[in-house]
Amino acid sequence: MLAHPQTRPKTQVLIVDDDRAALEAMEAALGREFRVFLAADVPTANEVVDREVVHLVILDVVLDQVSGLDFLAGLREKSDVPVLLISGYGSKEMVIAGLRSRASDYLDKPFNATQLLDRACTLIAQGPRPSHISDRVREFIQQNYMHDWTVESLAKELQLS
């Protein structure tokens, strides 16, 4: 009897945008690499997050009824999943507010499929980033305990000052 190789489950990405054409375009750009869930509103996005293990959220900042930043705040109460904010109305203040809400990155609309795929792959590779610096340091040391670390080398590795 031949053993069947175990297939690795696809990485799962949730895209939240109230523009149906944008959702479909992003799904086409990412669908070959990832299992993609689409949400045109925050209630649907919350259902997906509660039901599925999501490895990346791509989130439009400006949504019809609830701000993407409000959804992000609620998401951060239960998850450190990477979040890529997107917006066609991006102002410096909006970007800063998103990063303060612990978004992982920001991409201005319009963008092309290659840009989106590159950012998605980078954020997924980085994985969830714990909320607090102390958690990040502890996690890093646990994963790399065989090395001799100095404060300076830890700070450099974790991109901290």
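The values are calculated or read from the model by the stated rules, or taken from the named source; none is laboratory data. No experiment lies behind these values; they were computed from the predicted model shown. Every residue, glycine among them, receives a Cβ derived from its backbone with ideal geometry; neighbour counts consider all protein chains shown. Just the protein is used for accessible areas: all its heavy atoms, side chains included, with ligands, DNA and RNA removed. Shrake-Rupley method; radii C 1.70, N 1.55, O 1.52, S 1.80 Å.
Among all the aspartates and glutamates, which ones have a C-alpha under 15 Å from K92's C-alpha, if same-chain residues fewer than 8 places away are not counted?
Straight-line reach from K92, under 15 Å: D105, D108.
Hey, could you pull the Cα Rg and Dmax for segment 27-109, both in Å?
Cα only, segment 27-109: 12.2, 34 Å (Rg, Dmax).
Tell me the per residue accessible area of the chain using a 1.4 Å probe; a whole number in Å² is fine.
64
Rounded to the nearest 20 debye, what is the charge dipole size of the chain about its Cα centre when +1 sits on each Lys and Arg Cβ and -1 on each Asp and Glu Cβ?
My answer is approximately 420 debye.
What part of the accessible area of segment 28-161, given as a whole %, is carbon or sulfur when the probe is 1.4 angstrom?
That share works out to 50 percent.
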